[in-house]
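Visitor: Quick one: the structure is below, and I'll ask about it shortly.
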Amino acid sequence: MADVVLAIISLEMAVLLFVIALVAGVGISAIGPGGIFVTIALFLLVPISSAEVAGTASLTFIFTGLLAAGLFQRSGDFAEGFAREMAIILSGMSIIGAYTGSQANLVISDEVFGYLLAVFVAVVGGIILYREVHGFEPSNHVQLISTGQRRGTLGTIGFGVGFIGGLLGVGGPVIGVPILVLLGVPMLTALAVAQVQSIFISGFATAGYFLGDAVSIPIAILVGVPQLIGVVVGWRVAHLVAEGRLRIALGVVLLLISPVIAL
């Protein structure tokens with residue numbers, strides 16, 4: 001069905017989706033949660049099911065994750081602290097969560113999907129702004145706690161991020177970056193680690209949606225190509241703009257968008 005929908009999308013709508021995807025790509029590598037704008041756009045603008053929205057968006061995030069991870073590796077952002085360990089643990093547990101989440105999506109209604117997406121976006125935005133406004137700092141930085149506790153915490157986060165990413169088709173950075181930042185991980189390191197995790201989340205979520213015939217390759221190409229362009233731009237922005245400004249911008253945008261999704 002999604003492929004039939006692509007054939008009737010107007011030129012104006014195609015251009016709008018292209019622009020949104022381009023901006024989303026910038027956000028993916030600049031602040032983390034950019035990819036969610038593609039999920040939101042597909043849900044609000046394209047007449048396809050919520051499963052097709054999540055499955056198609058997830059497919060694009062495989063490639064944005066690969067590109068962004070390579071760029072952050074090039075700029076040395078995996079050298080910070082336990083970055084590689086975090087990437088391995090988070091990614092491994094995300095596999096289970098992502099596939100489970102994709103299967104859960106297949107049994108919920110489009111209306112429920114919309115409400116869940118709206119609530120999720122609002123919560124993430126609110127947490128980020130609260131931290132910036134009130135100067136909240138974590139009592140325990142994840143890199144300073146014991147090895148066993150650190151790995152257990154990261155494993156739990158990995159599964160949870162994977163499940164939500166698979167369920168809603170929002171990839172990994174939208175959830176992973178805010179959580180890692182709240183745990184005291186530097187912004188650039190959090191962005192780098194979340195890109196690796198996103199590859200596994202999106203890959204196994206996409207596999208689940210493929211089994212449910214809920215992935216449109218043509219639509220994925222339409223919104224995937226501009227995302228890749230945006231990822232390169234966003235990677236440069238992330239190294240030029242102050243972390244605080246990036247986080248504030250992220251929180252404000254997410255809070256503004258969440259009511260629109262629920263309508």
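The values are calculated or read from the model by the stated rules, or taken from the named source; none is laboratory data. Since this is a predicted model, take the numbers as computed values, not measurements. Side chains included, ligands, DNA and RNA excluded: accessible areas come from the protein's heavy atoms. Shrake-Rupley method; radii C 1.70, N 1.55, O 1.52, S 1.80 Å.
Visitor: So which residues in segment 218-262 are basic (Lys, Arg), modelled with pLDDT of 75 or more and open to solvent by less than 50 Å² (accessible area, probe 1.4 Å)?
Guide: Initially, segment 218-262 is screened for residues basic (Lys, Arg), giving 236, 245, 247.
Adding the requirement that they be modelled with pLDDT of 75 or more leaves 236.
Within segment 218-262, none qualify.
Visitor: Just to check your reading of the model, which residue among VAL123, VAL133 is under 30 Å from LEU44 (Cα atoms), modelled with pLDDT of 70 or more and not polar (S, T, N, Q)? Step through it out loud before you land on a result.
Guide: On the way: VAL133 fails: under 30 Å from LEU44 (Cα atoms).
Only one candidate qualifies: VAL123.
Visitor: Among (1) at pLDDT 85 or above; (2) farther than 14 Å from ILE219 by Cα; (3) not in a helix (DSSP H, G or I), which single condition is ILE62 missing?
Guide: Condition not satisfied by ILE62: (3).
Visitor: Now for a separate question. Mind checking which residues of segment 8-20 are of a type in the set (A, V, I, L, M, F, W, C) and either open to solvent by 40 Å² or more (accessible area, probe 1.4 Å) or closer than 13 Å to THR56 by Cα (or both)? Talk me through it step by step, then tell me what you get.
Guide: Here is the first cut: in segment 8-20, the ones of a type in the set (A, V, I, L, M, F, W, C) are 8-9, 11, 13-20.
Answer for segment 8-20, where residues must be of a type in the set (A, V, I, L, M, F, W, C) and either open to solvent by 40 Å² or more (accessible area, probe 1.4 Å) or closer than 13 Å to THR56 by Cα (or both): ILE8, LEU11, MET13, VAL15, LEU16, PHE18, VAL19, ILE20.
Visitor: Output the number of residues of segment 204-221 satisfying the condition of being in a loop (DSSP other than H, G, I, E, B) and of a type in the set (A, V, I, L, M).
Guide: Of the residues in segment 204-221, 2 are in a loop (DSSP other than H, G, I, E, B) and of a type in the set (A, V, I, L, M).
Visitor: A further question on this structure: Within segment 182-217, can you find the residues that are among the hydrophobic types (A, V, I, L, M, F, W, C) and open to solvent by 10 Å² or more (accessible area, probe 1.4 Å)?
Guide: So the first thing to find is which residues in segment 182-217 are among the hydrophobic types (A, V, I, L, M, F, W, C), and the list is 182-183, 185, 187-188, 190-194, 196, 199-201, 204-205, 207, 210-211, 214-215, 217.
Within segment 182-217, LEU182, LEU183, LEU188, VAL196, ILE199, PHE200, PHE204, ALA207, PHE210, LEU211, VAL215, ILE217 qualify.
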